[in-house]
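Since the structure comes first, as structure tokens, the remarks are kept for the end.
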Amino acid sequence: MTLDVRLRHAFAGFTLDVAFTAPAGVTALFGRSGSGKTTVINAVAGLLRPDAGRIASDGRVLFDSAGGVNVAVHRRRLGYVFQDARLFPHLTVRQNLLYGRWFAPRGPGEPLERVLDLLGIEPLLARRPGALSGGERSRVAIGRALLSNPAMLLLDEPMAALDEARKAEILPYLERLRDETQVPILFVSHAIAEVARLATTIVVLEAGHVLRAGPAQEMLSDPAAVPALGIREAGSVLAARLVRHEADGLSRLETSAGPLWLPHVAADPGAMLRVRIAAQDVMLALTRPEGISALNILPATVTVVRLGEGPGAVVQLRAGTDFLLARVTRRSAEAMGLAVGGRVFAVIKSVAVAQSDVGGAG
Amino acid sequence: MTDWLTPEDWRAVALSLRVSFWATVVSLPVGIAVAYVLARYRFWGRQLLNGLVHLPLILPPVVTGYLLLLTFGRKGAVGAFLDQAFGLVFAFRWTGAALAAAVMAFPLMVRAIRMAIEAVDPRLEAAAGTLGASRPWVFVTVTLPLILPGIVAGAILGFAKAMGEFGATITFVANIPGQTQTLPSAIYAYLQVPGGDAAAFRLVLVAIAIAMLALLLSEWVGRSVARRIAGA
């Protein structure tokens, strides 16, 4: 399942001109507000008719200005989860969930029980949307879209209206959605932490254009992509396995580069995780530091040194089979003689990794 | 009770109820369609349609009645055609009274329903579309249930207006006892004869009772529908 998007649309004082391919998995459309993310997703859904372009899902043409094709919204079979949930106020949660079922083609869709279980919304079935919290509403909206048996899910910042606690509540459900269903997802976000946890492919939009696009792991650990993603937000994602919870409240994880201790991780031993490590939380040393408070010291090899325009530099390291990003000053990079192939130690404070930076990986 | 109102009075009350009922029932679907078009579409001639709908509200009822007579009378273009093609006659029949009542009540009905439609979030309708519902299905499953209180309000308002319609009715179908004499026409007729005040007053009481009943009914239906929609 791939989605090919190429479109051009002119607004007053703003032209959207993008082309990208979303392969199977979770593709994140990342960018600041006003970069055109929602416009793209609306065009894919058929809620907006672009001036020109072509949109095809698995070779099925949904829109083609040259060929005069514009498939109606209700025939596109794309489950859209809106920022504001948009549940039908006159229907119960159950009726909302089953709404798309009426119109969906008969076929192997997700069974209701599985969706209820996946999203934890069984206790809400008899209620009306007016009696739901923001987080519950988002989950029901996701379930409703999923149950319409869509060829693809479109998520427009489904967590933008939620506070941090509610976001933390929804994220695990979205991870399960990614890992336990076969439905590809295109989601819009301006929060890199969210993107790092969920995305398998990242498309960066800026001012109506695609700045960069590629596989998530690669993009997140590519120093050249750092300006596009935002320097303060930059960070790579390590794959890890939870080994055990230790008595002092730390959790021991195993990465390809060695052990990693983090503040208690809410998962069971054996669970596969994705851990986002912000570039600015990684310190570099030429020899293994001793007598230091930081618990995590991973041996690594320098693979890229990218000097910025200012006083900073971004260094990409290979640690085991994964990549790390470290943000250091130019002065340090020069003083340490950092160069491609050099052996270093990456020092990571346990407490620098927030709960929200650790997510499940299927 | 039987000598409280004469059989003729009862006939006037029954006729008014029948006229108002049919005027409301027949014009309601048209009213919903026109309200939807006015609320949701921008097209050439929209203001013209809007003006045409509202005309009976602004014109003197006598003028509306006269225009109906010219158009739907036996010699009128539309009236003659309907008479020959379907045997449907409006002039000086109760059907004509229903037509006049429907035309006069139409703007009130459309206004109430249109306001309800404008209050429905189009984003909900868009959401229904993405879930696979075609335009007509979106209307039936989302728009219609959400505007039901507005439809009820519009229907009751229309019914009440039809019950009270006098000017256009008497101009179009005259005041024939047992045929086109509605409640207001009957009251008017009593007031034209010496000593008719008492009989007129009894009919006034009946009119007030029906109006109050309609109002209470609309309140009750409106509230129960609103409760069902708002849920919680």
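Bear in mind that the values in this text are calculations on the coordinates, not laboratory data. Just so it is clear, the structure is predicted and the values come from calculations on it, not from any experiment. Using ideal geometry, Cβ is built from the backbone for each residue, glycine included, and neighbour counts are taken over all protein chains shown.
Please list, in chain and number order, the residues 5+ apart from A:VAL243 or on another chain whose amide H is under 5 Å from its amide H, with Hs placed from the backbone.
HN-HN under 5 Å from A:VAL243: A:ARG252, A:LEU253, A:GLU254, A:GLY270.
Name the long-range amide H neighbours of A:VAL304: under 5 Å, sequence gap of 5 or more, or other chain; modelled H, no Pro or chain starts.
For A:VAL304, the qualifying residues are A:GLN316.
Using θ = phi - 60° and the Karplus form 6.51 cos²θ - 1.76 cosθ + 1.60, what ³J(HN,Hα) does each residue of the stretch A:16-29 get, whole Hz, x for Gly and Pro?
9, 9, 10, 8, 7, 10, 9, x, 4, x, 10, 9, 9, 8
Can you compute 3J(HN,Hα) from phi for each residue in the stretch B:57-70, using the Karplus curve 6.51 cos²θ - 1.76 cosθ + 1.60 with θ = phi - 60°, rounded to whole Hz and x for Gly and Pro?
Working through the residues one at a time gives 6, 9, 5, x, x, 4, 5, 4, x, 5, 4, 5, 4, 5 Hz.
How high is the relative contact order of the stretch A:3-220? Use alpha-carbon pairs under 8 Å, at least six apart in sequence, and give a whole percent.
Relative CO of the stretch A:3-220 lands at 31 percent.
Among B:208-214, A:22-28, A:52-58, A:76-82, what's the highest-first ranking by average C-beta atoms within 10 angstrom per residue?
A:76-82, A:22-28, A:52-58, B:208-214
Using a 7 Å offset from the Cα along the Cα-to-Cβ direction at both B:LEU57 and B:LEU217, what is the distance between the two label points in nm, to one decimal?
2.4
When a/c reaches 1.5 or more, the comparison of a/b and b/c decides; with that in mind, is chain B rounded, prolate or oblate per its Cα gyration tensor?
It is oblate, given that a/c is not under 1.5 and a/b is not larger than b/c.
What share of the DSSP beta bridges in the stretch A:3-220 is antiparallel, in percent to the nearest 5?
In the stretch A:3-220, approximately 60 percent of DSSP beta bridges are antiparallel ones.
GNM on chain B, C-alpha springs below 10 Å: top fluctuator among B:ARG202, B:ARG74, B:ARG42?
For chain B, modelled as a Gaussian network with Cα springs under 10 Å, the answer is B:ARG42.
About the Cα centre, and with charges only on the beta carbon of Lys, Arg (+1) and Asp, Glu (-1), how big is the dipole of the protein assembly as shown? Nearest 20 debye, please.
820
Quick check: from the Cα gyration tensor, does the protein assembly as shown come out rounded (a/c under 1.5), prolate or oblate?
Since a/c reaches 1.5 and a/b is larger than b/c, the shape of the protein assembly as shown is classed as prolate.
How large is ³J(HN,Hα), in whole Hz, for each residue of the stretch A:336-353 in order, when computed from phi with the Karplus curve 6.51 cos²θ - 1.76 cosθ + 1.60 and θ = phi - 60°, using x for Gly and Pro?
Karplus-based 3J(HN,Hα) across the stretch A:336-353 equals 7, x, 5, 8, 4, x, x, 8, 9, 10, 8, 10, 10, 5, 4, 6, 6, 8 Hz.
Students often check this: by mean Cβ neighbours within 10 Å, which of B:14-22, B:85-93, A:249-257 ranks highest, and how do the rest follow?
B:14-22, A:249-257, B:85-93
Grab the other residues whose beta carbon is less than 13 angstrom from that of B:LEU69, score K and R as +1, D and E as -1, and report the net.
Residues near B:LEU69 contribute +3 overall.
Work through the residues other than A:VAL69 whose Cβ is under 14 Å from its Cβ and net out their charges, Lys, Arg +1 and Asp, Glu -1.
Around A:VAL69, the charge tally is +4.
Please compute, for peptide B:134-142, the average count of beta-carbon atoms on other protein chains lying within 10 Å of each residue's beta-carbon.
3
What number, in percent, do you get for the relative contact order of chain B if the mean sequence gap of Cα pairs under 8 Å and at least 6 apart is divided by its residue count?
29
What shape does the stretch A:3-220 take by its C-alpha gyration tensor, where a ≥ b ≥ c are the square roots of the eigenvalues and a/c under 1.5 counts as rounded, a/b above b/c as prolate, and the rest as oblate?
prolate
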